[in-house]
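Undergrad: This is the structure I have questions about; it appears just below.
Rule-based calculations on the coordinates, nothing more; no lab input. All of these numbers come straight from a predicted model, not from anything done at the bench. Here the Cβ is made from the backbone with ideal geometry for all residues, glycine too, and neighbour counts use every protein chain on show.
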Amino acid sequence: MLKLGVPSKGRLMEKTFQWFGKRGVTLRKSGSDREYAGAVDGIDGVDLVLLSAGEIPRELAAGRIQLGVTGSDLVREKLANWESTVRQVTPMGFGGADLIIAVPTGWVDVDTVDDLDAVAAAFRATHGHRLRIATKYHRLVREFLAREGVADYALVDSQGATEGTIKNETAEAIADITSTGETLRANGLKVLSDGMIHASQATLFRSSRSGWTMAQRDTFRVLEHKLGL
Amino acid sequence: MNGRAIQAETDRLSACFAKAGAQTVYTDVLQPADTLLDLYGEDIRGRSYLTSDPALGEMVLRPDFTVPVVQMHMQSHANPARYTYAGRVFRKQDVNPGRATEFVQVGFEVMGGDDPAAAEAEVFATIRAALGDLPLRAATGDIGVLMAAVRGLRTTQARKDALMRHIWRPRRFRALLDRFGGRTPPPASRTALLALTDPLDGAPALAGVRTRAEIAARIASLREDAAAAPISASEIALLDVILDLRASAPQALGRLRDIAIDMPAIEPAVTRMHARLNALHLRGIDVDALEFEGSYGRTALEYYDGFVFGFYAAEGHQPPVATGGRYDALTARLGDTDVPAVGGVIRPDLVLAVRGHV
């Protein structure tokens, strides 16, 4: 069987079901609404596995599922050298969100990554510690800031309510996912104009085919055809 | 690789360094993370194995020996002091998954003393001798020359500080140089900000630790920067010659002396390089065969601030078999006084790998 991992709840699951449905492959939860078991109609040999979106990259990399739908940000964040372990099959055109860097709106002197870097130097000299950036996207943010040549900052882990960390004085800036920017504005934050780290969207990924059986390869070919890829 | 062979090579190298007069020191594998990470920053943090201890807080598997050895020295105050150590260090290898995540380093460090050129030559020659007749290419550089060139630029102190801070980040260094030289215009948002009489007038309320006074100070420094004349094209051209310099050490010295005529600020650093080459020659090093690169060491660990060197296998893209350099500024940050310090490490596993190919 070809195992297809799909986010187990929320809008991401619904949109994924719609996306496949429109292409003649019906995905649905089997049994009650609370059960994480799924069924697939319209193609043989595909198993639906409902998983947390955050676990799908790891399951793909480990080869425990062959196909998976998740955010392109999560694959880049959770897997080192993601391109060597999983392949992108197709972006799906929904679930769009940008990973950005935001600072307090009151920082009128800061608009660019270059400003942030200069402020980090002065901040460290004044306060005796590095300028803290709260995020849960450690790999993506660190890679971006290393590429940009930013110094004197430290990442602090924030797994939720990241916008609140500045008011709570546990961070000076944040790097987080936003789709409309509304939460940022409500918390008195603005986005750096050149601080776009990654434009994420829901994406269909597959594992490396080297471990696949002949039957899985055949099923994938049929599926590709059905999905119009 | 064969653990027993690595252990034997480690012992042999340690004996070489002990014979050269070094005292053997030991450090814990598990180190407090605070000092190390505050010093090294996120690049090393991303490559370190962190763990937390309920009583001791955040701990890290030793990413290198330099910091604990310097801390040890700062308490002993021996002068001059020679240390050797051997043990495993740990680095995640996200970017180069084929490389070892734990490997042995055998180190030799000289701290204190009053003849920096002699100490540099001693470290280089002792490491070269410990490597025996392995066919290795030696690359050298001198961050001190670069720093002197930046310090000598005819521009504001703020600009020099900004460039100095990014010597180890070539891309941002270049971006800053382009802007300070007037080759790229300031960002539009900055021009708009400075067009306001008082940018803080009616500014949104502040949240967090950074104060209004800090923002006002930054705006004042931006105004100062906007009013300053660009760094001259001829000075930038000289800096570029230094950065792009690749020659044998004696040829490089000649070129740098030439540059010092137009850029006298690098004179002391060039004199020091001359003294180093003499000291290396006295220790039997063939200085004509030494390569010198003006940018060497710029992408290594940030604490090197003078002479830097590395020994490389002729083929393949393995990491260097041995590396080292001067790190005076680091001692100043870890103690109350700065102590001249220079040292280097050898990787016994890579020595064996090269020997296997000979």
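Undergrad: Add +1 for every Lys or Arg and -1 for every Asp or Glu among the other residues with Cβ under 13 Å from the Cβ of B:I285, and state the total.
TA: Once positives and negatives cancel, what remains is -2.
Undergrad: Along the Cα→Cβ direction, 7 angstrom out, place labels at B:D43 and B:Q157. What is the inter-label distance in nm?
TA: 2.7 nm
Undergrad: If R₀ is 41 angstrom, what is the calculated FRET efficiency for the pair A:H225 and B:A192, using the beta carbon separation as r and rounding to 0.05? Before the final figure, lay out each step's value.
TA: Numbers: r = 54 Å, r/R0 = 1.31.
For A:H225 and B:A192, the calculated efficiency is 0.15.
Undergrad: Separate question: Starting from the Cα gyration tensor of the stretch B:249-358, take the square roots of the eigenvalues, sort them a ≥ b ≥ c, and report rounded, prolate or oblate (rounded when a/c is under 1.5, otherwise prolate if a/b is larger than b/c, else oblate).
TA: Working: a/c = 2.05, a/b = 1.29, b/c = 1.59.
Oblate.
Undergrad: Which value in nm describes the separation of the simple spin-label points at A:T213 and B:R4, placed 7 Å from the Cα toward the beta carbon?
TA: 4.5 nm
Undergrad: Further, regarding this structure: If each residue of separation counts as 0.36 nm, what is the full-extension length gain between B:A247 and B:E58 once their alpha-carbon separation is subtracted? Could you put the intermediate results ahead of the total?
TA: On the way: separation 189, 0.36 × 189 = 68.04 nm, distance 4.50 nm.
Gain in length upon complete extension: 63.5 nm.
Undergrad: Classify the stretch A:97-199 as rounded, prolate or oblate, taking a ≥ b ≥ c as the square roots of the eigenvalues of its Cα gyration tensor: rounded when a/c is under 1.5, otherwise prolate if a/b is larger than b/c and oblate if not.
TA: Numbers: a/c = 1.35, a/b = 1.21, b/c = 1.12.
Rounded shape, in that the Cα axes give a/c under 1.5.
Undergrad: What distance in nm separates the simple spin-label points at B:V29 and A:H127, each placed 7 Å from Cα in the Cβ direction?
TA: 3.6 nm
Undergrad: Further question: Cα gyration tensor of the stretch B:183-229, axes a ≥ b ≥ c as square roots of the eigenvalues: rounded (a/c below 1.5), prolate (a/b > b/c) or oblate? It would help to have the intermediate numbers written out before the result.
TA: Details: a/c = 2.14, a/b = 1.84, b/c = 1.16.
Here the stretch B:183-229 falls in the prolate category.
Undergrad: I need A:K136, A:K226 ordered by Cβ neighbour count within 10 Å, fewest first. Don't skip to the answer; put the middle values down first.
TA: On the way: A:K136 17, A:K226 14.
By the 10 Å Cβ count, ascending, the order reads A:K226, A:K136.
Undergrad: So for the stretch A:97-199, taking the charge dipole from beta-carbon charges (+1 Lys/Arg, -1 Asp/Glu), which of A:G181, A:A171, A:V110 sits furthest toward the positive end?
TA: A:A171
Undergrad: Assuming 0.36 nm per residue, please report the length gained on full extension of the stretch B:T101 to B:T51 beyond their Cα-Cα distance.
TA: On the way: separation 50, 0.36 × 50 = 18.00 nm, distance 1.59 nm.
That works out to 16.4 nm of additional length.
Undergrad: By how many nm would the segment from B:R137 to B:D115 grow when fully extended, if each residue of separation counts as 0.36 nm and the alpha-carbon distance is taken off? Walk me through the intermediate numbers first.
TA: Numbers: separation 22, 0.36 × 22 = 7.92 nm, distance 2.64 nm.
Stretched fully, the B:R137-B:D115 segment lengthens by 5.3 nm.
Undergrad: Which one, A:W82, A:H138, A:Q159, is farthest towards the positive end of the dipole of chain A when Lys and Arg carry +1 and Asp and Glu -1 on their Cβ?
TA: Of the candidates, A:W82 comes out farthest on the positive side.
Undergrad: Can you give the local net charge around B:A5? Use residues other than it whose beta-carbon is closer than 12 angstrom to its beta-carbon, Lys and Arg +1, Asp and Glu -1. Don't skip to the answer; put the middle values down first.
TA: On the way: positive: B:R4, B:R12, B:R355; negative: B:E9, B:D11, B:D349.
With Lys, Arg at +1 and Asp, Glu at -1, the neighbours total 0.
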